[in-house]
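Read through the structure below, which is laid out as structure tokens, and then see the notes.
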Amino acid sequence: MKMQARNVAVSLGFFIFIAILLASCGNIEGKKSKQDTRAQEATKVEIPAPEDSDLSFKDKGGNIVTLSSLKGKVVFINFWATWCPPCIHEMPSINELKHSFKDSDNIEFLLVDVDNKIEKSTAFMEENDYDLPVFVPASIIPSSFLGGAIPTTVILDKNGEMVARLEGGRDYTHPQIIKGLNELVAK
């Protein structure tokens, strides 16, 4: 009986040790974990989706843009936040990419601030001389678009079908990206 009690105590002690170890390991990543958590929390916008479940975004003026209203155009959506280093790092290339399509009416760029801080994100764009349109979510963002990691870029074809979902920072001036977008715009 004493042996069983001792074994239970040892087993219990071992499980407590493992639980503490796992809990402390979860904090090793520090900032990254906090950023991931902030991204996940920020995307849980408490705005009801429209009745037709059309994904929508709001600009600084309060104007709503729906994805259905952009059918017939290629749509480049970048989910980002001002506190996200990889997001900030890729902004110059997104700005340059947008400028390479300045003469095309067949592509739209939506830079969506997942923190819902349109004033702050608009000021960021102005301070850095970026000509990128800033939006915030005006409906729930489905996980097929944003699974909690930022930056995430989603590219839709002219039919509104998702053709790419890219997580993490990128150089959007890469020739393959420009070629792929040109092909989508030309279709």
- Task: Place the peptides 105-118, 162-175 in order of packing, highest mean first, counting for every residue the other Cβ atoms within 10 Å and averaging per peptide.
- Result: 105-118, 162-175
- Note on the structure: Beyond 18 Å (Cα-Cα) in this structure, taken from 58/98; 58/158; 60/117; 71/179; 102/179, we find 58/98; 58/158; 71/179
- Percent breakdown of C-alpha pair distances by 10 Å bin, ordered from the shortest bin, for the range 54-127: 17, 49, 33, 1
- Computed label-point distance, nm, for sites residue 167 and residue 89 using a 7 Å Cα→Cβ extension: 1.7 nm
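Rule-based calculations on the coordinates, nothing more; no lab input. Quantities reported herein were computed from a predicted structural model and do not represent experimental measurements. Ideal geometry is used to build each Cβ from the backbone, glycine not excepted, and the neighbour counts take in all protein chains shown.
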